[in-house]
Amino acid sequence: STSHIITKAVVSTQSTGLTATNNLHATAENIAKLKKGFQVKCEKSFGSDKAVLEKLSSCISGFGDATIDFKEALKRAESTLCKAAVFPKMHPVVAEFASTSHIITEDQLYMLEVEDPWLQEMVKVVEEVITPLKLLLHQNIYDSVLKISITEMAEYLEKLALTCTYNQLGGILFDKRLRALVTFLSGITQWSIRDKFSRLVQMALMLSVERLSEVTEYTSSSTRCSLTTAEIKQCLKLRNDFKKDDVNKVIGD
């Protein structure tokens, strides 16, 4: 069928792209090794002749330029791979966050703590779309793709979170979801992802406070708050039980 032919063509194109990306990495690595090998060989052979060494160094410098070109091409390839293979499948799942209500009851909070469809889908899309790439890509490339994808996930979720309205329980759920997501993602990465989600975690903290006075206590005692005063106000005004005038008075400028 036509759909089957199209699917095979897409898979073939993606496979070619993955191979090309791996080849870019290998070529850049090999050129760097070749340059180093030439340098060592030249120093051993002409170590006492500075004039010859300078001429050879000038020739060898082209290897460094080529390595830079290949590494820049590799970065573009990694970005293209994410935009073509990861983001189209990840974005719709992340977007579901904004399609459900964040004004919830205690019963709803309890049920979502037991089984959270959005969180389950987030884990699923990572396991089905991103994790399999580990078997197809060089480890360094996979790490880069993972980092690009997680950064995009956090930034997109932040934009969506600012379009929603919350009550305190909705803020608490947001906080719990983030912590669970960070724990899951930390288990599949070799680097700390907490900095990628620090702004979101702080937003969730603002959205889950019981009283506005708690916010001033937090901001005055914490030197690690990455949200500006304007952003803190923006978060608090998403709470359906906080009056905007009260937020302005308590938080100030």
Within the set of pairs 6 or more residues apart or between chains, which connect a residue that is open to solvent by 60 Å² or more (accessible area, probe 1.4 Å) inside the stretch 194-207 to a residue that is at pLDDT 95 or above and of a type in the set (A, V, I, L, M) with Cβ atoms less than 6 Å apart? 196/150; 196/154
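Being more than 21 Å from residue 250 (Cα to Cα), of a type in the set (A, V, I, L, M, F, W, C) and in contact with a Lys or Arg (Cβ under 7 Å, 6 or more places away or on another chain): is that true of residue 154 here? If you could, list the steps in order and put the result at the bottom.
Details: more than 21 Å from residue 250 (Cα to Cα): yes; of a type in the set (A, V, I, L, M, F, W, C): yes; in contact with a Lys or Arg (Cβ under 7 Å, 6 or more places away or on another chain): yes.
When the stated conditions are applied, residue 154 passes them.
Go through the stretch 108-149 and count every residue that is without any contact (Cβ under 8 Å) to a residue 40 or more places away in the chain and open to solvent by 30 Å² or more (accessible area, probe 1.4 Å).
Residues of the stretch 108-149 that are without any contact (Cβ under 8 Å) to a residue 40 or more places away in the chain, as a first pass: 110-111, 114-115, 117, 120-121, 124-125, 127-128, 132, 134-135, 139, 142.
Retained after the next criterion (residues that are open to solvent by 30 Å² or more (accessible area, probe 1.4 Å)): 110-111, 114-115, 117, 120-121, 124, 127-128, 132, 134-135, 139.
Total satisfying the criteria: 14.
For residue 85, indicate whether it is of a type in the set (Gly, Ala, Ser), assigned to a helix (DSSP H, G or I) and touching a residue at least 60 places away in the same chain (Cβ under 8 Å).
Numbers: of a type in the set (Gly, Ala, Ser): yes; assigned to a helix (DSSP H, G or I): yes; touching a residue at least 60 places away in the same chain (Cβ under 8 Å): yes.
So residue 85 passes the test.
Restricting attention to the stretch 123-160, report how many residues are out of contact with any Phe, Trp or Tyr (no Cβ under 7 Å at 6 or more places or on another chain), assigned to a helix (DSSP H, G or I) and of a type in the set (A, V, I, L, M, F, W, C). Steps first, please.
So in the stretch 123-160, the residues out of contact with any Phe, Trp or Tyr (no Cβ under 7 Å at 6 or more places or on another chain) come out as 124-132, 135-151, 153, 155-156, 158-159.
So of that shortlist, the ones also assigned to a helix (DSSP H, G or I) come out as 124-132, 135, 139-151, 153, 155-156, 158-159.
When the remaining residues are screened for being of a type in the set (A, V, I, L, M, F, W, C), the result is 125-126, 129-130, 135, 141, 145-146, 148, 150, 153.
Selection size over the stretch 123-160: 11.
In this structure, is residue 158 open to solvent by 10 Å² or more (accessible area, probe 1.4 Å) and within 17 Å of residue 99 (Cα to Cα)? Talk me through it step by step, then tell me what you get.
Numbers: open to solvent by 10 Å² or more (accessible area, probe 1.4 Å): yes; within 17 Å of residue 99 (Cα to Cα): yes.
Considered against the rule, which asks whether it is open to solvent by 10 Å² or more (accessible area, probe 1.4 Å) and within 17 Å of residue 99 (Cα to Cα), residue 158 comes out as yes.
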Going residue by residue through the stretch 215-224, is there one that turns out to be assigned to a loop (DSSP other than H, G, I, E, B), of a type in the set (Ser, Thr, Tyr) and open to solvent by 40 Å² or more (accessible area, probe 1.4 Å)? yes
Taking the condition over 12 Å from the mean Cα position of the chain (by Cα), assigned to a helix (DSSP H, G or I) and closer than 22 Å to residue 145 by Cβ, does residue 183 pass? yes
Given (1) modelled with pLDDT of 95 or more; (2) farther than 25 Å from residue 242 by Cα, residue 143 misses just (1)
When both residues are 6+ apart or on different chains and their Cβ atoms are under 9 Å apart, which pairs have a first residue that lies in the stretch 89-107 and is under 22 Å from residue 152 (Cβ atoms) and of a type in the set (Phe, Trp, Tyr), and a second that is modelled with pLDDT of 95 or more and surrounded by 13 or more Cβ atoms within 10 Å (Cβ to Cβ)? 97/118; 97/122; 97/157; 97/160; 97/161; 97/164; 97/174; 97/177
Count, please, the residues in the stretch 152-196 that happen to be of a type in the set (Phe, Trp, Tyr) and touching a strand residue (DSSP E or B) at 6+ places or on another chain (Cβ under 8 Å). 2
For residues that are under 24 Å from residue 151 (Cα atoms) and not in a loop (DSSP other than H, G, I, E, B), tally how many sit in the stretch 91-121. 15
Can residue 177 be described as at pLDDT 95 or above, open to solvent by less than 40 Å² (accessible area, probe 1.4 Å) and under 20 Å from the mean Cα position of the chain (by Cα)? yes
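The values are calculated or read from the model by the stated rules, or taken from the named source; none is laboratory data. Every value quoted in this text rests on a predicted model; they were computed, and no experiment measured them. In this analysis, Cβ positions are derived from the backbone assuming ideal geometry, glycine residues included, and neighbour counts consider all displayed protein chains. Accessible surface areas use protein heavy atoms only, side chains included; no ligands, DNA or RNA. Shrake-Rupley method; radii C 1.70, N 1.55, O 1.52, S 1.80 Å.
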